[in-house]
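Novice: Can you read through this structure? Questions will come right after.
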Amino acid sequence: MSETLSYIFHLLIFPGGLFALLFGLLLKGIDRKVFARLQRRIGPPLLQPLFDVIKLGRKETLIPATAHKGMFRFAPVLGFMGAMVAAMFIPVPGVWDGAPGLGDMLMLLYLLPIPAVALILAGSSSSSPFGALGASREMILMFAYEIPLLVVLLTVALRVGYATGGVEFSLARVVEYQLAHGSFLLDPVMLPAFASYLLFNYGTKGSVPFDLAEAETEILEGPLLEYSGPSLAMFQLMFALKMVVVTGLGVVLFFPGTLGTNPVVNLAWFCCKATGLMLVAVTLLRASTGRLRTDQTFRFYLKYPTGLAYAGLGLTWILG
Amino acid sequence: MQYLIQSELFSLSAVLAGSLLMFGAHLAALLRHRDLLMVVLLSFTAELGTSLAGYGTGTVSGLTGSGLHLLYQTTAHLTAMLALISLGRGAGSFRLDALTGIGSARSVTSAVFGFAMVASLGLTPFKGAISRPATLYGMVETGQWIPALLVLAGTVLALWYTLKIVLPVCFSTDKTISADQVETGRAPFFTPLALILAGVLAALHAMPETVVHWVEHLASLTGAPGHLPRFESPWPAAATVPYVGGFMLVVAARFLPRTVKGLPVLETGAALLSAASLALIFTAGVSPLSLLFAAIMGFISLAVIVYSAGYMRGHGHASRYWLFLLLMQGSLTGLCLARDLGSLYGFWELMTLSSAILVIHDQTGKALRAGFKYFFMCGAGAYALLFGILVLHAGTGSFEFTALAAAAPGLSPTIIALTGLGCLIGFAVKAGLVPVHGWLPEAHPVAPSSVSGPLSGILTKTGIYGMTLVLFALFGSGTMAQGAPARVLELLPLLGGATLLFAEIMALRQTDLKRMLAYSTMAQVGEITAVLGLGTALAVTGAMAHVVNHAVMKNLLFFGAGLLILRAGTARIDDLKGMGRAMPLTGLCMLAGSLAIMGLPPFGGFASKFLMVSACIDAGRPLLATAILGGGLIGVMYYIRLVRVLFFEKYEGPAVAEAPTTCLIAMSGLALASLIMGVQPQACLALVSPVTEWLVQAGKVQASIVPDLAVTWPWFAVLPMLGAAVPFYFRNNLERSGWGTTAVLGVTFLAVALSFGSMDTMSLCFALLVVLMGALNTVYSVSYMDHSHTQWRFFAFFLVMIGGLLGVAGSPDLFSFFLFWEIMSSWTLYCVIVHEETPGALREGYKYFLFNVLGATCMFFGVVLLGTSAGSFDLTVVGTALGSMPGAAGAVGMGCIALGFAMKAAMLPLRIDIWMHPATAPTPVSGYISSVLLKSGPFGLMKLLFVMGGAGFFAGQSGYWSQPAIMSGLAWIAGITIVFAAAMALMQSGLKRMLIYSTVSQLGYIVLGIATGTSLAVSAGLLHFVNHMVFKNLIFLAAGAIMYRTHADSLEQLAGIGRKMPVTLAVFAIGAFSAIGLPPLNGFTSKWMLYHGLMAEGDVILAILSLGGSVLTMAYFLKFLHGAFFGRPDPRFDTLTEVGPLMRVPMCILAGACVVLGVFPGLALMPINGIIAGLGFAPLEVHLYGPASGAGAWNATAVAGLMLAAYLAARGILALMNRTERETHMHACGVDDLSDEQLHVSASGLYEPAVTLVRQWLALPGSLPIFNRKG
């Protein structure tokens, strides 16, 4: 019983739920602030994303008459649900082990696409051609980044597993291994995998230069075009959760080092690293490039991140 | 006088001169055969030469022959001359042209002429003359081979021109001479004189004994050496009764009215005589071989006579027909019952004569030409046979079978080889072997079908009988094994194989039904001959069994074909469209015959084909086995085409009457016989095994193990098969028919559950699932099929198919397993798939059927190879024997079977796009095939690899077949299939086509799991086995619901129907997300375990392939969801409504099962754990919530709970926010003149950028038909 309660706590409060939501919104705020500074603007306050959500929550919802209303309403909930459960599985080194009894990193492989699926369903059910286009692009993007993610995860699993004689999919064990043997970030064998993961980050978060699915200037935010009020707020929350999951996973996979044993310190350290990863993996590039075309993106992903991922896998396989 | 004969010089020169004269004169007659007077004179001269030659031999036999010949020939030629003068005077000319067709005007005289001419060859309907054999014997006896051959050759020439003359004169109807064209009275006394002489001639032939004795006595008075062979022994009663009875019947019928007390005189009399003959056969007390063949002849002849009673009604020349039919039966029976070669030869000639008259019964020009060919070839062949027989007698001094069998081991190889060769030529002509087959495809189409039947079914078998008798019963395979005789024996497989392949290919090319059947006969006889030539006990058994079966099924086919042709008025296959349905009972019999001859159970041909292939393998001739199987594959092509034309094409003619009752009696009797021999192959084996035992006991044939063909028919498999009668009974009411089917399945379910204990857990679980899914789909069909037609047929075949599937599950041995496999995956499946009868359905059904048969053929080979090598078909026995099998038998056998299973599971990346499309089948069937039927492949793999121990076997092998090569090969094929098929699915827009590719892809996961072969992977495979069954059936049923309401078959034709069909959308989404594997739905756990299983084995690439497949799976299902349910709604679908409860309920049950199995994977995993523990794997630790420890452990229930909690949290957050909603117009940037269609992004457009890009990279042309095919 207490185990059940603890799981619910981890889901709703920490590291999923409340914590992830707030941290995710904060990350978004940091991103916007730094992005603005890089463009020599002042930028919004750090908590602007939170204010946006609250404001949206107080507006009414507009639903297109031609939309499939059930799915239109359900999509944001579905995406939120997937992201929230995924957040719970991210270990915070020195604080939370990521519920290894329930599942492992392959679970994330299946939970992470849920927000994307939700976006696709949202775009599709909104009956807007822009939505459909956005959905289509989201799916194409997914082809492009899912395989690199998969291969990177396998690489890490293999790398950790070689020490124990097999493969190791448990994120808790990944953390343990790196705490004992040093971060993979400093392991030359793992560099291609890390590079590939960085590139995956851009794709899955749908930020410039790979923001095909939303592409305000082309298809008016695609799937989100018809969304408003609380529904849109749910999507914003979903994005926030997903940001935490993806950056947190990066931290766990490549540099989960801790500072001592104090959980509060470690939590702060984790947040710092996640923020750093986000700044490198999202903000910098976003501020310095323009959007690529769909085919360019697709081609890019099939060449570089995938190639890098396989190179990493091969390296690990050979040198492991 | 005495001095002269004894002078060697005189002897030599007389024989030589005589034979030269004979040959020369016949040659001259042949060259001048248009002048009939000249022919008669020359022919007489020639026969004088024969007499001279006989005289010259100086032996008793030669002298007797010479004297008799003089007597016979003088009488015959005198008769012929008198009749000819009478005819010639009437017609005013003796030219053949002038006399052609005079038979219609002067029937008696021309008949006398014909009779006399044919009698001069030694052939009469009464009995053959022994004068020519005796003369020839004299020559052979004295070693004068060349004159003997010269005389034979001369006789062949005589046969040629005699037929060339007699047939047109007596029978031609192309050119007829009417009575008033003929002048009568020019020579009034010639005809009566000829008649009187003909009577004398007939008497001389019918009762020759006194004359023969007299002449023989005279000959022996000269003191010549040797003695006259006993050419004839008394006739058996079984032959005499129809023979003499036939004459009496015809005479009696002349004086009786057509019917007496309502019974037609001729027909009833004939049937009684025939039945009496059949009964008398069993009192004859002959060898088992003779008895078997005689019984076949008698039984089929009776069937022919019963059939003819209806079929020949209204045909002309009834007396002649019935007389010769009875004569044919008499001679066939006599031939088989003969105890010596002399009698056999005598009956042989009578058989040829009587059947030839029947062949030309219709007297058309075509018939006469074919009849000529038939008579000439068989007659000439018979002379070769005669030669062989005489040589043998010269070597042994006897014709008696018993004496010959005893003397055989001591004979010189030359005599054996010469005899064998001579006999073989004679028999080969009759059997229709290449290259002496020419008559067969000509004679069959022109003969009345009631004659083509026995011509194919039993007359060709006399050739087989002869070969078996001479080569095995008399000589024995031991004697035939070395030197020259061995080369003769080796001719059999060679000729047989050549005949088989040639004839199958020719049959495939025919457009005429009877010609096709004729070629098919050649092929079947060819394979019988080929197998017979192997000379082992098993080979003889197999060949004999096929003789029995083929006699039954080919007669059945010809009978049916005859009636269809009669009613349709054409024999062109293409013109018989739908005839099977216009004449349902006849059609049904045709169907039984076609299935039987394709070698499909539950009909007779299957078991005997199985035996024959076994015999080939057993004798170490795999190539021959392959030829038989390959030939069978070709056979399947044209027979299934026939089935399609007869049953699944539309009938467009006027209503036709069903066949006459007697025809139906005959046909159903044969069909029943075939069915019985198929259901209990052991029964057929019991018929033929006495023959083999007899041969083995006599030391004539090597003993070999004859496989046990006992089939266990589990009653839960029989139940649905018999239950097929229920939908038929309710055929006028769709609902009753469907509910009846469901009820049958309900009872079957109980039956399966009650037979708990008779099966292993895996089979039991599979059987239960098979029935459950079947029941769901039939309930669904009650509603779905209401737009279709003849629903009962659909339900009936569906039930039989399920029966076959259950049989597969419940079979304890390879033979029954394969038998049920064939029932399930061949004809029942075909009939269900092509149910809609659209051209597309027929085309796809045909392809699918062929593909399945091809797979089954691979299995066939493997099963036989394993069973034969192990000496038993029992699964466990085969398993333990695997290791000790010689050579690569084990590996090849297992490989072939594995290939068969893999093909069933669609694991062939090569061109599956061409083969795997039952998309045109009714949707409940597509769903059933995808979800259940194809699982028989993985199920079989489980049995093969783990029950039979194939996995251990492969692991232990080394060398080229080392590895677990087959398993890892299979795993790679499966891995590639996953991705390839998923990518193909992504390209499709056809509703079902996409789902079918999806099935192929998902089956890849199952096969991959099984082939990986660890506890975890196998469990994963089996779990996916169950999961896929549930979600794929659900998805198909949902797609069916869409098709049912919208009549669309492509995503392109749909848009936004989700709001109109909410239940369908919901269940489809559940099914789709299960297939994608989103937790907590049921596809996740199995895939999850599979990845872990693969990674634990280090199969990283396979893991990536299978995970990559999941992404593609997600993509195509989202495409389906978008294309069909979401997007811009189309006004066309404004009035669309949800489907009825009969379709909703099965879908909801399946959707519920998806969720429940997803949240509590232990429900399926626990039994699976039991299964794999039973197979010797280390069991996993499994709880209700999923695998509990080790790799692949996860808690599905808890994650589902967390998902629920997260969902509630989201709902909670939304509840805190503003809950007002307002409908607006969609934002279109101010453009308001776009139609709904323009605003809908179609399914095929969804991934266009990616597809275009991939296409560019792979340089695939846009016109490639793999993209967005319909259906």
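Novice: Going through A:103, A:123, A:98, A:134 one at a time, which residue ends up being free of Cβ contacts under 8 Å to residues at least 40 places away in the same chain, surrounded by 24 or more Cβ atoms within 10 Å (Cβ to Cβ) and not hydroxyl-bearing (Ser, Thr, Tyr)? Full working, then the answer.
Specialist: Details: A:123 fails: free of Cβ contacts under 8 Å to residues at least 40 places away in the same chain; A:98 fails: free of Cβ contacts under 8 Å to residues at least 40 places away in the same chain; A:134 fails: free of Cβ contacts under 8 Å to residues at least 40 places away in the same chain.
Selected residue: A:103, the only one of A:103, A:123, A:98, A:134 that is free of Cβ contacts under 8 Å to residues at least 40 places away in the same chain, surrounded by 24 or more Cβ atoms within 10 Å (Cβ to Cβ) and not hydroxyl-bearing (Ser, Thr, Tyr).
Novice: Can you work out which of the residues in region B:299-337 that are of a type in the set (S, T, N, Q) and crowded, with 23+ Cβ neighbours inside 10 Å is nearest to residue B:566 (Cα to Cα)? First the steps, then the outcome.
Specialist: Start the filter on region B:299-337 by keeping residues that are of a type in the set (S, T, N, Q), which leaves B:301, B:308, B:319, B:329, B:331, B:333.
This time we only want the ones that are crowded, with 23+ Cβ neighbours inside 10 Å, so: B:301, B:308, B:329, B:331, B:333.
On the way: B:301: 21, B:308: 13, B:329: 25, B:331: 29, B:333: 30 Å.
Looking at residues that are of a type in the set (S, T, N, Q) and crowded, with 23+ Cβ neighbours inside 10 Å, I get B:308.
Novice: Please go through region B:221-240 and pick out each residue that is part of a helix (DSSP H, G or I) and either at pLDDT 85 or above or crowded, with 20+ Cβ neighbours inside 10 Å (or both). Let's see the steps before the verdict.
Specialist: Taking region B:221-240 first, the residues part of a helix (DSSP H, G or I) are B:221, B:237-240.
The answer is B:237, B:238, B:239, B:240.
Novice: Related question: Consider only pairs whose beta carbons are under 8 Å apart and that are at least six residues apart or on different chains; among these, list those whose first residue lies in region B:1095-1106 and is more than 7 Å from chain A (Cβ to nearest Cβ) and in a loop (DSSP other than H, G, I, E, B) and whose second residue is surrounded by 22 or more Cβ atoms within 10 Å (Cβ to Cβ) and not aliphatic (A, V, I, L, M).
Specialist: Pairs found: B:1097/B:1012; B:1099/B:1012.
Novice: Follow-up question, since we're still on this one. From (1) under 28 Å from residue B:226 (Cα atoms); (2) not in a helix (DSSP H, G or I), pick out the condition that doesn't hold for residue B:51.
Specialist: Status for residue B:51: all satisfied but (2).
Novice: Would you say residue A:120 is within 30 Å of residue A:177 (Cα to Cα), hydrophobic (A, V, I, L, M, F, W, C) and at the interface with chain B (Cβ under 7 Å from one of its Cβ atoms)?
Specialist: Numbers: within 30 Å of residue A:177 (Cα to Cα): no; hydrophobic (A, V, I, L, M, F, W, C): yes; at the interface with chain B (Cβ under 7 Å from one of its Cβ atoms): yes.
The answer is no for residue A:120.
Novice: Additional query: Which of the numbered conditions does residue B:408 fail, given that it passes all the others? Conditions: (1) under 18 Å from residue B:427 (Cβ atoms); (2) at pLDDT 90 or above.
Specialist: Status for residue B:408: all satisfied but (2).
Novice: With the structure loaded, tell me whether residue B:795 is touching a Gly at 6+ places or on another chain (Cβ under 8 Å) and over 24 Å from residue B:866 (Cα atoms) or whether it fails that test.
Specialist: Details: touching a Gly at 6+ places or on another chain (Cβ under 8 Å): yes; over 24 Å from residue B:866 (Cα atoms): yes.
Taking the combined requirement at face value, the residue satisfies it.
Novice: Take residue A:80 and tell me if it is part of a helix (DSSP H, G or I), touching a residue at least 40 places away in the same chain (Cβ under 8 Å) and either at the interface with chain B (Cβ under 7 Å from one of its Cβ atoms) or surrounded by fewer than 24 Cβ atoms within 10 Å (Cβ to Cβ) (or both).
Specialist: Working: part of a helix (DSSP H, G or I): yes; touching a residue at least 40 places away in the same chain (Cβ under 8 Å): yes; either at the interface with chain B (Cβ under 7 Å from one of its Cβ atoms) or surrounded by fewer than 24 Cβ atoms within 10 Å (Cβ to Cβ) (or both): yes.
Spelling it out, residue A:80 is indeed part of a helix (DSSP H, G or I), touching a residue at least 40 places away in the same chain (Cβ under 8 Å) and either at the interface with chain B (Cβ under 7 Å from one of its Cβ atoms) or surrounded by fewer than 24 Cβ atoms within 10 Å (Cβ to Cβ) (or both).
Novice: Being β-branched (Val, Ile, Thr), at pLDDT below 85, within 29 Å of residue A:19 (Cα to Cα) and out of contact with any Ser or Thr (no Cβ under 6 Å at 6 or more places or on another chain) is the requirement here; does residue A:95 meet it? Show your work before the answer.
Specialist: Numbers: β-branched (Val, Ile, Thr): yes; at pLDDT below 85: yes; within 29 Å of residue A:19 (Cα to Cα): yes; out of contact with any Ser or Thr (no Cβ under 6 Å at 6 or more places or on another chain): yes.
When the stated conditions are applied, residue A:95 passes them.
Novice: Right, something else. Testing residue A:148 on (1) of a type outside the set (Val, Ile, Thr); (2) within 7 Å of chain B (Cβ to nearest Cβ); (3) in contact with a Phe, Trp or Tyr (Cβ under 7 Å, 6 or more places away or on another chain); (4) part of a helix (DSSP H, G or I), one condition comes back false. Which one is that?
Specialist: (2)
Novice: Another question about this same structure. Here is a list of conditions, (1) at the interface with another protein chain (Cβ under 9 Å from one of its Cβ atoms); (2) crowded, with 24+ Cβ neighbours inside 10 Å; (3) touching a Lys or Arg at 6+ places or on another chain (Cβ under 7 Å), and residue A:115 meets all of them except one; can you say which number that is?
Specialist: (1)
Novice: For region B:716-748, how many residues meet the condition of being under 16 Å from residue B:602 (Cβ atoms), touching a residue at least 24 places away in the same chain (Cβ under 8 Å) and surrounded by fewer than 16 Cβ atoms within 10 Å (Cβ to Cβ)?
Specialist: Residues in region B:716-748 being under 16 Å from residue B:602 (Cβ atoms), touching a residue at least 24 places away in the same chain (Cβ under 8 Å) and surrounded by fewer than 16 Cβ atoms within 10 Å (Cβ to Cβ): 1 in total.
Novice: Same structure, new question: So, residue B:599, is that one assigned to a loop (DSSP other than H, G, I, E, B), under 23 Å from residue B:498 (Cα atoms) and not polar (S, T, N, Q) or not? Even if it seems obvious, please write down each step before you answer.
Specialist: Values: assigned to a loop (DSSP other than H, G, I, E, B): yes; under 23 Å from residue B:498 (Cα atoms): yes; not polar (S, T, N, Q): yes.
Here the answer is yes, as residue B:599 does meet what is asked.
Novice: I've got another one for you. Condition first: within 11 Å of chain B (Cβ to nearest Cβ) and either surrounded by fewer than 18 Cβ atoms within 10 Å (Cβ to Cβ) or on the phi > 0 side of the Ramachandran plot (or both). Now tell me which residues in region A:9-23 satisfy that.
Specialist: A:9, A:13, A:17, A:18
Novice: So, one more: Give the number of residues within region B:504-550 that are within 28 Å of residue B:480 (Cα to Cα) and assigned to a helix (DSSP H, G or I).
Specialist: Here is the first cut: in region B:504-550, the residues within 28 Å of residue B:480 (Cα to Cα) are B:521-550.
Filter once more, keeping what is assigned to a helix (DSSP H, G or I): B:521-532, B:537-550.
Total meeting the criteria: 26.
Novice: Follow-up. Collect the residues in region B:1050-1069 that are under 13 Å from residue B:1150 (Cα atoms) and buried (at least 24 other Cβ atoms within 10 Å of the Cβ), keeping them in residue-number order. Lay out the reasoning, then the answer.
Specialist: From region B:1050-1069, those under 13 Å from residue B:1150 (Cα atoms) are B:1063-1064, B:1066-1069; that's our starting set.
Within region B:1050-1069, B:1064, B:1067, B:1068 meet the criteria.
Novice: Kindly provide the set of residues from region B:1051-1065 that are facing another protein chain (nearest Cβ under 10 Å) and not in a loop (DSSP other than H, G, I, E, B), ordered by number.
Specialist: Passing the criteria: B:1062, B:1065.
Novice: Which residues, counting only those in region B:26-43, are part of a helix (DSSP H, G or I), surrounded by fewer than 24 Cβ atoms within 10 Å (Cβ to Cβ) and in contact (Cβ under 8 Å) with a residue 60 or more places away in the chain?
Specialist: B:27, B:30
Novice: If residue B:1178 passes every condition in (1) more than 10 Å from chain A (Cβ to nearest Cβ); (2) at pLDDT 80 or above; (3) in contact with a Pro (Cβ under 9 Å, 6 or more places away or on another chain) but one, which one does it miss?
Specialist: Every condition holds for residue B:1178 apart from (3).
Novice: Let me ask something additional. Restricting the search to region B:1066-1094, which residues are farther than 22 Å from residue B:980 by Cβ and at the interface with chain A (Cβ under 8 Å from one of its Cβ atoms)?
Specialist: Those that are farther than 22 Å from residue B:980 by Cβ and at the interface with chain A (Cβ under 8 Å from one of its Cβ atoms): B:1078, B:1079, B:1084, B:1088, B:1092.
Novice: Step by step: first the residues of region B:1181-1207, then only those that are more than 9 Å from chain A (Cβ to nearest Cβ) and over 18 Å from residue B:1157 (Cβ atoms), then the one that is modelled with the highest pLDDT. Which residue is that?
Specialist: B:1181
Novice: Does region A:24-47 include one or more residues that are farther than 30 Å from residue B:1239 by Cβ, surrounded by 19 or more Cβ atoms within 10 Å (Cβ to Cβ) and acidic (Asp, Glu)? Walk me through it before giving the result.
Specialist: Filtering region A:24-47 for residues farther than 30 Å from residue B:1239 by Cβ gives A:24-47.
Right, trim to surrounded by 19 or more Cβ atoms within 10 Å (Cβ to Cβ) and you get A:24-29, A:31, A:34-35.
Retained after the next criterion (residues that are acidic (Asp, Glu)): A:31.
There is at least one residue in region A:24-47 that is farther than 30 Å from residue B:1239 by Cβ, surrounded by 19 or more Cβ atoms within 10 Å (Cβ to Cβ) and acidic (Asp, Glu).
Novice: Continuing with the same structure: Would you confirm whether any residue within region B:1134-1156 is within 14 Å of chain A (Cβ to nearest Cβ), in contact (Cβ under 8 Å) with a residue 12 or more places away in the chain and within 29 Å of residue B:987 (Cβ to Cβ)?
Specialist: Scanning region B:1134-1156, I find at least one residue that is within 14 Å of chain A (Cβ to nearest Cβ), in contact (Cβ under 8 Å) with a residue 12 or more places away in the chain and within 29 Å of residue B:987 (Cβ to Cβ), so the answer is yes.
Novice: So which residues in region A:281-304 are in contact with a helix residue (DSSP H, G or I) (Cβ under 7 Å, 6 or more places away or on another chain) and away from chain B (no Cβ under 14 Å)?
Specialist: Listed by number, the residues that qualify are A:281, A:282, A:283, A:285, A:286, A:287, A:304.
Novice: So, in region B:678-700, how many residues would count as being farther than 21 Å from residue B:585 by Cβ and under 17 Å from the mean Cα position of the chain (by Cα)? Write out each step before concluding.
Specialist: Taking region B:678-700 as the starting set, the residues that turn out to be farther than 21 Å from residue B:585 by Cβ are B:680-700.
Subsequent filtering for residues that are under 17 Å from the mean Cα position of the chain (by Cα) retains B:681, B:684.
Total satisfying the criteria: 2.
Novice: If we only count helices (runs of 4 or more DSSP H) wholly inside region B:80-175, which ones have 1 or more residues that are crowded, with 23+ Cβ neighbours inside 10 Å, touching a Ser or Thr at 6+ places or on another chain (Cβ under 9 Å) and not hydrophobic (A, V, I, L, M, F, W, C)? First the steps, then the outcome.
Specialist: Values: elements: B:96-99, B:107-119, B:131-141, B:145-171.
The qualifying helices (runs of 4 or more DSSP H) are B:107-119, B:131-141, B:145-171.
Novice: Can you name the residue in region A:57-77 that is more than 16 Å from residue B:1224 (Cβ to Cβ) and within 9 Å of chain B (Cβ to nearest Cβ) and, of all such residues, is surrounded by the most Cβ atoms within 10 Å (Cβ to Cβ)? Break it down into steps so the answer makes sense when it comes.
Specialist: Of all residues in region A:57-77, those more than 16 Å from residue B:1224 (Cβ to Cβ) come to A:57-58, A:70-71, A:74-77.
Right, trim to within 9 Å of chain B (Cβ to nearest Cβ) and you get A:57-58, A:70-71, A:76-77.
Values: A:57: 19, A:58: 11, A:70: 14, A:71: 23, A:76: 27, A:77: 20.
For region A:57-77, the residue satisfying everything is A:76.
The values are calculated or read from the model by the stated rules, or taken from the named source; none is laboratory data. These figures come from a predicted structure and were not determined experimentally. So basically every Cβ, Gly included, is an ideal-geometry build from the backbone, and we count neighbours across all protein chains shown.
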